[in-house]
Amino acid sequence: MLSSEIEIDIRFSETDAMGVVWHGNYLKFFEDGREHFGKTYGLEYLTIFDSGYFTPIVKSEIDHKAPVYYGQVIKVITRYIPAKSAKIQFEYEVHNVTTGELCAIGKTMQVFLDRESRTLELLTPDFYRTWKQTHNQ
């Protein structure tokens with residue numbers, strides 16, 4: 001299974017009035033994880049764009065397990081979930097490096113839209129099929 005890990009320092013702007021990371025920021029952390037995964041495995045946003053596609057998120061899930069506070073450090077583990085259809089799926093774990101706690105788990109699903117027509121691509125794009133073959137996915 002392909003995966004990557006990235007550590008993130010929690011900034012003041014990511015917290016609410018209680019000093020707890022605001023729940024909406026977990027989607028940003030997931031994006032940080034996807035971006036790091038893409039850089040690690042050659043599936044970067046610009047690679048997708050230059051291949052003629054957008055990959056909007058059509059489904060996201062987050063289960064919050066424990067709070068994270070300003071000044072703490074988290075580790076986002078991003079795992080690629082293979083699919084036969086024309087979509088990209090990831091699972092995530094957010095760990096609090098400071099406390100050792102599992103703070104959140106989640107999933108996202110992205111589809112391919114043709115960059116010019118903005119229509120849904122039902123078949124796996126050639127560049128993505130090649131990427132999957134290269135990584136035995």
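The values are calculated or read from the model by the stated rules, or taken from the named source; none is laboratory data. Since this is a predicted model, take the numbers as computed values, not measurements. Glycine gets a Cβ as well: all are built from the backbone with ideal geometry, and neighbour counts include every protein chain shown.
Observations, loosely collected:
- Within segment 50-76, tally of residues that are among the polar types (S, T, N, Q) and over 22 Å from Glu91 (Cβ atoms): 2
- Tally, over segment 40-72, of residues that are exposed (fewer than 14 other Cβ atoms within 10 Å of the Cβ) and among the aliphatic types (A, V, I, L, M): 3
Conditions tested, residue by residue: (1) hydroxyl-bearing (Ser, Thr, Tyr); (2) in contact with a strand residue (DSSP E or B) (Cβ under 7 Å, 6 or more places away or on another chain); (3) modelled with pLDDT of 95 or more.
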site	(1), (2), (3)
Val76	no, yes, yes
Arg79	no, yes, yes
Gln89	no, yes, yes
Val97	no, yes, yes
Glu121	no, yes, no
Tyr128	yes, no, yes
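- Residue within segment 19-39 that is of a type in the set (A, V, I, L, M), buried (at least 16 other Cβ atoms within 10 Å of the Cβ) and under 22 Å from Gln137 (Cα atoms) present: no
- Among the residues of this structure, Glu61 counts as one that is at pLDDT 95 or above and either within 16 Å of Gly106 (Cα to Cα) or basic (Lys, Arg) (or both).
- There is no residue in segment 11-28 that is under 30 Å from Arg129 (Cα atoms), over 17 Å from the mean Cα position of the chain (by Cα) and at pLDDT below 95.
- Among residues of segment 1-18 being in contact (Cβ under 8 Å) with a residue 24 or more places away in the chain and part of a helix (DSSP H, G or I), the one that is surrounded by the fewest Cβ atoms within 10 Å (Cβ to Cβ) is Phe12.
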